[in-house]
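Heads up: the structure comes next, in structure tokens.
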Amino acid sequence: MGVNLQILGLLAIPRLAKKFDVDLEGFLTYSDLYGKNAEEFNKAYDNSEKILYRLFEEYGISWWDVYLNSDIGMERTALARDMELEKDDTVLEVGCGRGYFSVAAARSAERVIGLDTMNGGGRCGWWKNFKETIAELGLKRKVLGLKADAQVIPLKDSSVSKVVAVHSIRNFQNRDAIQNAIREMYRVLSKDGKMIIAENIPVARNKSQEAHLAFYKCKCKYSSGDLFYFSQEELQEMFKDKLGETNFKLADYNLSAAPPIFYLNTSLLKKEQIEEAQKEYTEAVDLIRKHGETSPPTLIVKVTKH
């Protein structure tokens with residue numbers, strides 16, 4: 001079982017165990033792992049693997065059950081529904097990552113192309129994760145992985161009916177790269193097709209979302225590979241009056257849909273940063289242990305090409 005599926009398992013096991021009345025004494029939830037070291041993380045993965053295979057063998061659950069009962073799967077499924085994907089759509093997902101949304105899109109659309117470079121920090125092995133998940137869920141005929149830069153998409157003009165980016169534009173190098181990618185996404189979109197961007201915004205409606213934002217801010221500040229969340233106003237400005245007909249919708253699923261877990265590596269910091277970084281990291285971990293962690297609201301931007 002690969003890392004990708006283990007993450008889904010950690011998020012799904014509490015719901016599945018409750019459904020089948022399985023004892024989870026000593027089980028660490030995903031939120032419990034914030035601030036843990038690599039050894040403790042691996043132990044939790046090993047334990048979750050044993051529990052999952054017990055659920056497979058004794059109760060006949062499948063990897064689809066795991067996906068659909070995980071916060072990630074539930075949130076991506078809700079997004080696919082709110083995006084109104086259709087059965088005859090060819091969907092290009094820009095920044096597909098491990099394929100969490102590609103799976104949800106494939107349940108609704110005819111075909112999905114997951115595009116990513118997978119060359120950012122911490123992304124070693126993600127194509128393996130992507131392919132493993134697609135295979136486990138029986139989607140190899142519907143989902144294709146494409147290694148490419150979103151700023152130079154290797155597809156013809158007007159070749160896909162939906163282009164989506166889910167929790168991914170903040171992983172781009174900078175705002176210029178985002179604007180270049182948006183232009184390319186619009187180029188490959190067919191007439192009357194829709195480009196849809198889904199991004200969390202830095203607004204907390206409860207304590208668990210406050211904890212998420214505190215930890216993610218720390219991650220962006222003291223590690224590399226992520227931009228902090230754009231505000232709703234910033235996201236709207238990226239699209240307003242620049243392309244086709246544009247609509248905005250705010251959705252609050254209140255699920256742990258993009259867990260921002262990371263280890264603080266002080267060896268990469270300047271000496272004057274270390275004390276402050278350790279303080280911020282510890283405070284953020286304490287918030288998550290006290291309140292849990294759920295993702296903040298998501299702004300869904302839909303642009304129709306005429």
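What shape does the range 100-193 take by its C-alpha gyration tensor, where a ≥ b ≥ c are the square roots of the eigenvalues and a/c under 1.5 counts as rounded, a/b above b/c as prolate, and the rest as oblate? Judged from the Cα gyration tensor, the range 100-193 comes out oblate (a/c at least 1.5, b/c at or above a/b). Ordering of 131-140, 227-236 by packing is 131-140, 227-236, highest average first (other Cβ atoms within 10 Å, averaged per residue). Compute, for the chain, the length of the dipole vector about the Cα centre, with Cβ point charges of +1 (Lys, Arg) and -1 (Asp, Glu) only. Units Debye, rounded to 20. Its charge dipole is roughly 700 debye. For the peptides 99-105, 88-94, 29-35, the ranking by packing is 99-105, 88-94, 29-35, with the highest mean count of neighbouring Cβ atoms within 10 Å listed first. Across the range 293-299, computed HN-Hα scalar couplings (Karplus, 6.51 cos²θ - 1.76 cosθ + 1.60, θ = phi - 60°) run 9, 9, 6, x, x, 10, 8 Hz from first to last residue, x flagging Gly and Pro.
Measuring r between the beta carbons of Asp192 and Asn37 and using R0 = 41 Å, the FRET efficiency lands at 0.20.
Ranking Val163, Ala44, Phe20 by how far each Cα lies toward the positive end of the dipole of the chain (charges on Cβ) leaves Val163 at the top. Proximity of backbone amide H atoms, modeled 1.01 Å from N, is registered between Val164 and Leu92, Glu93, Val94, Ile196 at under 5 Å, excluding neighbours fewer than 5 places apart on the same chain. Placing +1 on the Cβ of every Lys and Arg and -1 on the Cβ of every Asp and Glu, with no other charges, gives the range 131-175 a dipole of roughly 80 debye about its Cα centre. On full extension, the segment bounded by Lys147 and Asn174 gains 7.7 nm, given 0.36 nm per residue less the C-alpha separation. The dipole here belongs to the range 19-68: it is taken about the Cα centre, uses +1 on the Cβ of Lys and Arg and -1 on the Cβ of Asp and Glu, and is about 140 debye. When both bridge partners sit in the chain, DSSP labels roughly 40% of those beta bridges antiparallel.
The distance separating the Cα centre of the range 202-266 from that of the range 72-133 comes to 19 Å. Between Lys128 and Ser231, the C-beta separation translates, for a Förster distance of 45 Å, into a calculated FRET efficiency of about 0.80.
Computed from backbone phi, the HN-Hα couplings of the range 158-172 come to 6, 9, 10, 8, 9, 10, 10, 9, 10, 6, 10, 5, 6, 8, 6 Hz, rounded to whole numbers (Karplus: 6.51 cos²θ - 1.76 cosθ + 1.60, θ = phi - 60°; Gly and Pro given as x). Here the Gaussian network model covers the chain, with springs between Cα atoms less than 10 Å apart; of Asn200, Asn254, Asn180, Asn180 fluctuates the most. Rounded to whole numbers, the Karplus 3J(HN,Hα) couplings from phi for the range 105-114 are 5, 5, 6, 10, 9, 6, 8, 10, 10, x Hz, using 6.51 cos²θ - 1.76 cosθ + 1.60 with θ = phi - 60°, and x at Gly and Pro. A simple packing score, the average count of other Cβ atoms within 10 Å per residue, orders the peptides 14-20, 53-59 as 14-20, 53-59, with the highest score first.
FYI, it's all coordinate maths here, none of it is from the lab. Please read all numbers here as calculations on a predicted model, not as lab measurements. We place every Cβ from the backbone using ideal geometry, glycine too, and count neighbours over all the protein chains shown.
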